[in-house]
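Novice: One structure is given below, represented as structure tokens, and several questions about it will come after.
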Amino acid sequence: MSFSDIYIYNTLSGKKERFEPINPGKVGLYVCGPTVYGDPHLGHARPAVCFDVVFRFLKYLGYQVRYVRNVTDVGHLENDADDGEDKIAKKARLEALEPMEVAKYYTDRYHQSMKALNTLNPSIEPLASGHIIEQIEMAKAILDQGLAYEVNGSVYFDVNKYNEDHNYGKLSGRKLEDLMEGSRSLTAQDEKRNAQDFALWKKAGPKHIMRWPSPWGEGFPGWHIECSAMSTKYLGEQFDIHGGGMDLKFPHHECEIAQAVGAGGKEPVNYWMHNNMITINGQKMGKSLGNFINLDAFFTGEHPLLEQAYDPMTVRFFMLQTHYRSVIDFSNHALQAAQKGLDKIMNAAALLGQLSSSAKTSKDEELAGNINTLQKKCIESLCDDFNTPQALARLFEMSSLINAFYNKQADVNSISNQVLKSLKEFYYVIVNDVFGLQAAQVESNDVLGDVVEILINLRKVARQNKNFALSDQIRDELKSRGVQLKDEKDGKTSWSLLS
Ligand code: ZN
């Protein structure tokens, strides 16, 4: 494998394929973004971090990447079905707000969390509500092809008709016959011809708040069509990579293919990438299971399942320790181990800056060769379907070597200053720019850390003297300035920055 060969596991073919962008040197990347009706949680963090590294690594290799990640601020109905209330409208109704107020509030919250996780902003972040015209145009095109039908102001995609000439189910490996057998039978009230048909446009009932005019009367777009309309607009009818969580494979992404092809277009996506799910202590995440942990709770430690606060970088690092196609299981134990791993990588980065070699040539050719091989293997791992855990293993080997140099167990002067320079450049670029890792905030801000420790100790003295008013005052004033104290079970007090 040469440096420039990337292999991507394509969900569509079920195997790793050599990556060949449509336009040499350029990559179009579309990732399904959040539906903004609630606080960002772990389920939001995984695709964001996974595709952030894809974005960063492709840029590192020299590609010009246009990364589009949408915001679903309209059209995502409850239960992913074509009936039920719009999730955002429901939240707005319950809280007596404008739907766009709800969407803006949670979009901001999402951005804050993404910033804490150090994900880069996408190149374009389109809103579904800002692309109603494009979605109407696409629905019209599908109607023109005879692959959709209008009933009572709503427009549905005709899956059966589409399946006559195309393969509905090719991405998720499902067969339409099986899907039909498994679905409930339609009643007289149903507008759809077939239970598998999905809405491109829905007529708005009298109470529906979010509504736009269309050739079929006032209504709102279906969820799936937003991604088709916006990816086509910003990346073209055919683009390179479409990403998202595995839970979106069906029906969302399957419908995206059907819509793009059904509008008279081509196969829209060359490489479909899906990140796997997250479990918590071996259990699926779910609101009813009480293990639904918001990202903010991780950063403050305020959740019954969390033993402590975790720095956003620890959460990021933890995700990158597992390959994106594998399930991640969150537990306190695993996060604490990740914290140690991150510290090791970041400490080595700090020590590396203090190393220097006076040698013009390497006396220890073998060691110099090993350093070179480690760098090569690290890149090869990332080229092999973005294998971050393997690449991290190489970084750990480098960090051991850096420690050995620093502790004088190995002689840094046995390698040339040129070899050391290449190690430094490589380590910093991969750790900071590709993995997007930063030292945990607590450690990177030494003066602040020292001052907070002094105040924690003063608070301890106050409590020993039973001066609880002062103890509370110290805690509250720190909190009002964004520093959260947490009293641990062992009697120690930890602290974190509120994001
Ligand atoms: Zn989508």
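Novice: Report whether or not Val315 is away from the ligand (no atom under 16 Å from the Cβ), open to solvent by 10 Å² or more (accessible area, probe 1.4 Å) and farther than 30 Å from Asn160 by Cβ.
Specialist: no
For (1) assigned to a helix (DSSP H, G or I); (2) in the same structural domain as Ala348 (by TED's automatic domain parsing); (3) surrounded by 13 or more Cβ atoms within 10 Å (Cβ to Cβ); (4) not β-branched (Val, Ile, Thr), each residue gets a yes or a no:
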{"position": "Lys408", "(1), (2), (3), (4)": "no, yes, no, yes"}
{"position": "Val419", "(1), (2), (3), (4)": "yes, yes, yes, no"}
{"position": "Leu423", "(1), (2), (3), (4)": "yes, yes, yes, yes"}
{"position": "Phe426", "(1), (2), (3), (4)": "yes, yes, yes, yes"}
{"position": "Val451", "(1), (2), (3), (4)": "yes, no, yes, no"}
{"position": "Ile456", "(1), (2), (3), (4)": "yes, no, yes, no"}
{"position": "Lys466", "(1), (2), (3), (4)": "no, no, no, yes"}
{"position": "Asp476", "(1), (2), (3), (4)": "yes, no, no, yes"}
{"position": "Gln484", "(1), (2), (3), (4)": "no, no, yes, yes"}
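Novice: Right, something else. Is it the case that Ser471 is in a helix (DSSP H, G or I), modelled with pLDDT under 95 and crowded, with 17+ Cβ neighbours inside 10 Å? Please lay out each step first, then the result.
Specialist: Details: in a helix (DSSP H, G or I): yes; modelled with pLDDT under 95: yes; crowded, with 17+ Cβ neighbours inside 10 Å: yes.
So Ser471 fits the description; yes.
Novice: Within segment 111-158, how many residues turn out to be open to solvent by less than 20 Å² (accessible area, probe 1.4 Å), among the aliphatic types (A, V, I, L, M) and either assigned to a strand (DSSP E or B) or outside the structural domain of Asn194 (by TED's automatic domain parsing) (or both)?
Specialist: 2
Novice: In segment 113-128, what residues are among the hydroxyl-bearing types (Ser, Thr, Tyr) and within 13 Å of Leu235 (Cα to Cα)?
Specialist: Of all residues in segment 113-128, those among the hydroxyl-bearing types (Ser, Thr, Tyr) come to 113, 119, 123.
Across segment 113-128, the qualifying residue is only Ser123.
Novice: If we scan segment 33-41, do we find a residue that is out of contact with any Asp or Glu (no Cβ under 6 Å at 6 or more places or on another chain), within 16 Å of the ligand (Cβ to nearest atom) and open to solvent by 30 Å² or more (accessible area, probe 1.4 Å)? Steps first, please.
Specialist: Pass one, segment 33-41, residues out of contact with any Asp or Glu (no Cβ under 6 Å at 6 or more places or on another chain): 33-35, 37-41.
Then drop every residue that is not within 16 Å of the ligand (Cβ to nearest atom), which leaves 33-35, 37.
This time we only want the ones that are open to solvent by 30 Å² or more (accessible area, probe 1.4 Å), so: 37.
Yes, segment 33-41 contains at least one residue that is out of contact with any Asp or Glu (no Cβ under 6 Å at 6 or more places or on another chain), within 16 Å of the ligand (Cβ to nearest atom) and open to solvent by 30 Å² or more (accessible area, probe 1.4 Å).
Novice: Any residue in segment 237-248 that's in the same structural domain as Val68 (by TED's automatic domain parsing) and of a type in the set (D, E, K, R): show its pairings with residues that are modelled with pLDDT under 95 and part of a loop (DSSP other than H, G, I, E, B) at Cβ separation under 6 Å, as long as the two are six or more apart or on different chains.
Specialist: Once the first residue is in the same structural domain as Val68 (by TED's automatic domain parsing) and of a type in the set (D, E, K, R) and sits in segment 237-248, its partners that are modelled with pLDDT under 95 and part of a loop (DSSP other than H, G, I, E, B) give Glu237/Gly265; Glu237/Lys266.
Novice: Next up: Using the structure shown, decide if Arg56 is away from the ligand (no atom under 16 Å from the Cβ), open to solvent by 30 Å² or more (accessible area, probe 1.4 Å) and either in contact (Cβ under 8 Å) with a residue 12 or more places away in the chain or touching a helix residue (DSSP H, G or I) at 6+ places or on another chain (Cβ under 9 Å) (or both).
Specialist: Details: away from the ligand (no atom under 16 Å from the Cβ): yes; open to solvent by 30 Å² or more (accessible area, probe 1.4 Å): no; either in contact (Cβ under 8 Å) with a residue 12 or more places away in the chain or touching a helix residue (DSSP H, G or I) at 6+ places or on another chain (Cβ under 9 Å) (or both): yes.
Taking the combined requirement at face value, the residue does not satisfy it.
Novice: What are the pairs with Cβ atoms under 9 angstrom where one residue, in segment 18-40, is free of Cβ contacts under 8 Å to residues at least 12 places away in the same chain and farther than 14 Å from Phe55 by Cα and the other, located anywhere, is within 13 Å of the ligand (Cβ to nearest atom) and part of a loop (DSSP other than H, G, I, E, B)? Sequence gap at least six, or different chains.
Specialist: No pair meets every condition.
Novice: Among the residues of segment 246-258, are any away from the ligand (no atom under 13 Å from the Cβ), closer than 23 Å to Asn163 by Cα and open to solvent by less than 30 Å² (accessible area, probe 1.4 Å)?
Specialist: Yes, segment 246-258 contains a residue that is away from the ligand (no atom under 13 Å from the Cβ), closer than 23 Å to Asn163 by Cα and open to solvent by less than 30 Å² (accessible area, probe 1.4 Å).
Novice: Within segment 211-244, can you find the residues that are more than 10 Å from the ligand (Cβ to nearest atom) and touching a His at 6+ places or on another chain (Cβ under 6 Å)?
Specialist: Ala229 - this is the single residue of segment 211-244 that is more than 10 Å from the ligand (Cβ to nearest atom) and touching a His at 6+ places or on another chain (Cβ under 6 Å).
Novice: Out of all the residues in segment 318-373, which are of a type outside the set (Ser, Thr, Tyr) and assigned to a loop (DSSP other than H, G, I, E, B)?
Specialist: Of everything in segment 318-373, those that are of a type outside the set (Ser, Thr, Tyr) and assigned to a loop (DSSP other than H, G, I, E, B) turn out to be Gln321, His323, Arg325, Val327, Gly353, Gln354, Leu355, Ala359, Lys360, Lys363, Asp364.
Novice: While we're on this one: With the checklist (1) more than 36 Å from the chain's Cα centre (by Cα); (2) among the charged types (D, E, K, R); (3) not in a helix (DSSP H, G or I) in hand, flag the one item Lys460 doesn't pass.
Specialist: (3)
The values are calculated or read from the model by the stated rules, or taken from the named source; none is laboratory data. Because the structure is predicted, anything quoted here is derived from the model rather than measured. Methodologically, a virtual Cβ is constructed for each residue, glycine included, from the backbone with ideal geometry; neighbour enumeration extends over all protein chains shown. Remember, those area values only see protein heavy atoms, side chains included, never the ligands or the DNA or RNA. Shrake-Rupley method; radii C 1.70, N 1.55, O 1.52, S 1.80 Å.
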